[in-house]
Amino acid sequence: MAHHRTTTDVLVVGAGPVGLSAAAELRRHGVHCRIVDRLPARLPYAKAVGIQPRTLELWDRMGLVRAVLEAAVPIRGQLVYAEGVERARIELEMPPEVPYGFAALPQYETERLLEEYLGGLGTVVERGTELVSFGRDRDGVTARLRGASGADEELRVPYLVGCDGAHSVVRKGLGLSFEGGAFPEEYMLGDVEADWDLPHGYGVRSSRRSADGSADDVLVCVPLPGAGRYRMSMRVPPELSTRRDAPRDGVAHDRDTAPDGAARGPDTAPDGVAHGMQAGRVPELADLQAVVDRLAPRPARLSRLRWASVFRISHRIVDRYGEGRVLVAGDAAHIHPPTGAQGMNTGVQDACNLAWKLALVVRGEAGPELLATYDAERRPVGEEVVGRTVRHAAHGIEAGPDDLRTLLLREAQLLVGHRGGPLAAAPYGPADAPQPGDRAPDCAGLTTPVAAFPLRLLDVLRGRAGHVVLLYGSDAAELSGAAEAARAAGGPPAVVVLPDGADRSGLASLSVPVYRDAAGEFARLYLPGGGTGFVVRPDGQLGARFPLGGAAAALSAYLGALSVRPRPSG
């Protein structure tokens with residue numbers, strides 16, 4: 001076994017969208033990491049395809065979003081059919097202040113774009129490299145890696161992040177529980193083209209019910225880039241079921257790959273978690289066509305089957321998102337039905353929440369206790385998503401208790417918040433205003449004297465890796481005092497937003513960027529009601545909201561909650 005010293009701060013295991021997002025955010029925050037994946041190449045499967053508006057906001061701040069927008073297709077809505085009759089037409093229209101809509105992109109394309117972005121930051125995915133085991137102590141983690149050649153390497157790192165999926169070696173190595181259950185049904189999944197005349201950009205859900213009223217037959221189609229291309233899922237016919245190969249306990253296991261690359265069948269899967277693609281006969285075009293003939297709302301001929309699989313669904317969540325120097329994210333922490341495309345997006349947000357906190361700790365700017373807030377903030381989100389997707393899988397997304405606007409905002413993951421959490425400062429201002437713990441809304445119409453066009457708040461935040469302090473007001477003395485308080489706090493850069501019509505002549509000596517709220521959007525969405533400051537976290541949530549006159553105390557309290565150790569000024 002090879003032993004060598006390394007400057008690696010974090011080892012990320014798993015190069016799916018979650019692991020790649022974690023590594024990219026760590027690198028953007030100046031943390032040196034390695035990312036390994038046991039597969040020799042990206043899998044060419046359109047598994048997780050839905051991209052939520054909140055994820056696009058996060059990728060915007062990273063500087064990745066343009067590449068995603070150029071590759072993805074919009075999802076404009078969903079057509080719901082039952083017994084051959086259109087029952088609902090759900091339009092996925094976001095409020096005008098939300099910068100992005102819903103999109104779809106095959107998972108392998110998402111991974112390619114993230115991998116290219118990460119490569120631009122100087123980190124390359126080490127493929128064919130598997131985490132075999134790890135040990136941990138007070139001072140770090142010792143990981144045993146096995147490379148493509150079969151040689152082992154012992155790597156000593158301060159932190160380990162497991163983004164290694166439903167059968168996570170990291171989760172099992174920590175001994176985390178993974179409680180939940182499995183759906184009894186099996187499904188077929190296919191990436192295929194259909195020649196029907198349904199409107200472009202709309203998903204389809206078509207079902208027929210059995211005599212007792214339960215769903216008996218279902219077809220779900222999600223648009224993909226390409227003419228008439230969809231990812232279709234449907235119930236498995238008996239002749240394709242893998243359950244005949246299941247162990248005596250009736251639990252079919254996830255298809256996995258043995259270290260030698262051979263397919264691992266249901267009876268040899270390592271952990272009994274029934275989730276994902278199954279071993280057994282692969283569905284053919286005729287299998288999918290038979291279901292489409294029964295359920296499609298319009299006659300359709302399928303063609304160009306790129307891949308197909310049988311898969312099963314579990315719903316599980318860990319009892320904690322990590323322990324000490326080892327943490328888990330994405331499918332390693334929570335798995336659930338694909339309804340509403342919540343899984344990958346929830347995992348990406350796990351990664352962004354964890355990365356900035358881990359970066360502060362690695363750089364010595366915060367104590368390790370900050371990492372406990374990752375579980376405190378993200379596990380309740382995971383629990384809510386698991387529960388909601390299970391309900392929607394059973395009854396349809398349109399059957400929820402929320403009004404349509406709330407349902408869409410929740411599915412878009414724009415309502416995820418941490419009010420009352422360990423890092424959320426005390427509320428300030430109107431009760432209906434964005435408060436600490438909430439998502440920091442984007443807004444349009446910010447202008448500068450030089451630019452001949454208005455900007456969005458996301459344009460102002462893009463590329464800034466750390467916290468940002470937004471200062472809204474028109475009193476030059478108050479703004480100067482608050483900006484000085486931010487500088488003295490030893491970290492977060494300040495940005496001033498002036499009300500439209502405010503005199504900027506007294507701000508000439510202010511050494512911070514100044515934007516004008518020319519459209520009044522910032523005031524409408526943030527409801528400042530006078531001179532007000534806001535701390536925007538690296539993951540786009542609000543950390544604090546305070547009166548400008550109380551900036552020094554508010555920033556000291558917020559940064560104290562992070563255990564941030566102020567840098568020497570000047």
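The values are calculated or read from the model by the stated rules, or taken from the named source; none is laboratory data. What you see is a predicted model, and the numbers here were worked out from it, not measured in a lab. Virtual Cβ from ideal backbone geometry, glycine too; neighbours counted across all protein chains shown. Accessible surface areas use protein heavy atoms only, side chains included; no ligands, DNA or RNA. Shrake-Rupley method; radii C 1.70, N 1.55, O 1.52, S 1.80 Å.
What is the packing order of peptides 555-562, 143-150, taking the mean over residues of other C-beta atoms within 10 Å and listing the highest first?
On the way: 555-562: 19.1, 143-150: 15.8.
The peptides rank, most packed first, as 555-562, 143-150.
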Original post:
Put a dot 7 Å past each Cα toward the Cβ at Arg464 and Arg294; how far apart are the dots in nm?
Top reply: 5.5 nm
**OP:** Determine how large the accessible area of Cys443 is when every protein chain is in place; take a 1.4 Å probe and give Å² rounded to the nearest 10.
**Re:** 0 Å²
**OP:** Would you work out if the chain is rounded, prolate or oblate? Take a ≥ b ≥ c from the square roots of the eigenvalues of the alpha-carbon gyration tensor; rounded if a/c is under 1.5, else prolate when a/b is larger than b/c, oblate otherwise.
**Re:** oblate
**OP:** Can you find, among Tyr45, Cys163, Pro106, the residue farthest towards the positive end of the dipole of region 44-170? Put +1 on the C-beta of Lys and Arg, -1 on that of Asp and Glu.
**Re:** Cys163
Original post:
Could you give me the ³J(HN,Hα) list for region 138-143, computed from phi with Karplus coefficients 6.51, -1.76, 1.60 and θ = phi - 60°, whole Hz, x at Gly and Pro?
Top reply: 4, 9, x, 10, 10, 9
Original post:
Using modelled amide H (1.01 Å from N, peptide plane; none on Pro or chain starts), what sits under 5 Å from the amide H of Cys443, excluding residues fewer than 5 places away?
Top reply: Leu457, Leu458
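How much length would be gained if the chain were fully extended between Glu239 and Arg363, taking 0.36 nm per residue of separation minus their Cα-Cα distance, in nm to one decimal?
Full-extension gain reported as 39.0 nm.
Rounded to the nearest 0.05, what FRET efficiency is calculated for Glu185 and His32 with R0 set to 51 Å and r the Cβ-Cβ distance?
Given R0 = 51 Å and the Cβ-Cβ separation, E is 0.70.
Could you calculate the FRET efficiency of Glu70 with Ala553 from 1/(1 + (r/R0)^6), where r is the beta carbon distance between them and R0 is 56 Å, rounded to 0.05?
0.80
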Original post:
How far is it, in nm, from the label point at Val85 to the one at Ala452 when both lie 7 Å from their Cα along the line to the Cβ?
Top reply: 5.8 nm
**OP:** Please work out how much length the chain gains when fully extended from Leu527 to Tyr108, using 0.36 nm per residue of separation minus the C-alpha to C-alpha distance, in nm with one decimal.
**Re:** 146.7 nm
Subject >> Accessible surface, 1.4 Å probe, highest first, among residues Arg38, Arg112 >> reply: Arg38, Arg112
Subject >> Signed unit charges on C-beta, dipole axis of the chain, positive-most listed residue Leu64, Thr129, Ala151 >> reply: Ala151
Subject >> Vicinal HN-Hα couplings computed from phi for region 339-347 (Karplus, 6.51 cos²θ - 1.76 cosθ + 1.60; Hz; Gly/Pro x) >> reply: 3, x, 6, 9, x, 4, 5, 4, x
**OP:** Express as a percent, rounded to the nearest 5, the fraction of DSSP beta bridges in the chain (both residues included) that run antiparallel.
**Re:** 70 percent
Subject >> Rounded to whole Hz, the Karplus (6.51, -1.76, 1.60) HN-Hα couplings of region 73-85, x for glycine and proline >> reply: 10, x, 10, 8, x, 9, 9, 10, 10, 9, 6, x, 10
**OP:** Hey, can you grab everything whose amide H is under 5 Å from the amide H of Trp307? Only 5+ residues off in sequence or another chain; H modelled, so Pro and N-termini drop out.
**Re:** Asp191
**OP:** Set the Förster distance to 56 Å, then compute FRET efficiency between Glu116 and Asp432 from the Cβ-Cβ distance, nearest 0.05.
**Re:** 0.85
Original post:
In whole angstrom, how far apart do the alpha carbon centroids of region 42-83 and region 398-462 sit?
Top reply: 20 Å
Original post:
So how far apart, in nm, are the two label points at Thr7 and Leu43 if each is 7 Å from Cα heading toward Cβ?
Top reply: 3.6 nm
Original post:
Which order do Leu457, Leu404 take by accessible area at a 1.4 Å probe, largest first?
Top reply: Leu404, Leu457
Original post:
How much length is gained on full extension from Arg301 to Ser511, taking 0.36 nm per residue of separation minus their Cα-Cα distance?
Top reply: 69.2 nm
**OP:** List every residue whose amide H lies under 5 Å from the amide H of Val497, counting only residues 5 or more places away in sequence or on a different chain, with H placed 1.01 Å from N in the peptide plane.
**Re:** Leu471, Tyr472, Gly473, Tyr515
Subject >> Rounded accessible area of Ser177 (nearest 10 Å², 1.4 Å probe) >> reply: 40 Å²
Original post:
What is the dipole size for the chain, taken about its Cα centre, with +1 at each Lys and Arg Cβ and -1 at each Asp and Glu Cβ, in debye to the nearest 20?
Top reply: 660 debye
**OP:** Choose one of Pro427, Cys352, Gly324: the residue whose Cα lies farthest towards the positive end of the charge dipole of region 289-446 (beta-carbon charges +1 Lys, Arg; -1 Asp, Glu; about the Cα centre).
**Re:** Cys352
Original post:
What accessible area, in Å² to the nearest ten, does a 1.4 Å probe give for Arg325?
Top reply: 60 Å²
Original post:
Distance from the Cα centre of region 482-535 to that of region 316-394, in angstrom?
Top reply: 33 Å
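Let me have the relative contact order for region 102-149, percent, based on Cα pairs under 8 Å that are six or more residues apart.
Numbers: 32 pairs, mean separation 12.5, N = 48.
That works out to 26 percent.
Using only alpha carbon pairs under 8 Å that are at least six residues apart, calculate the relative contact order of the chain and give it in whole percent.
Value for the chain: 15 percent.
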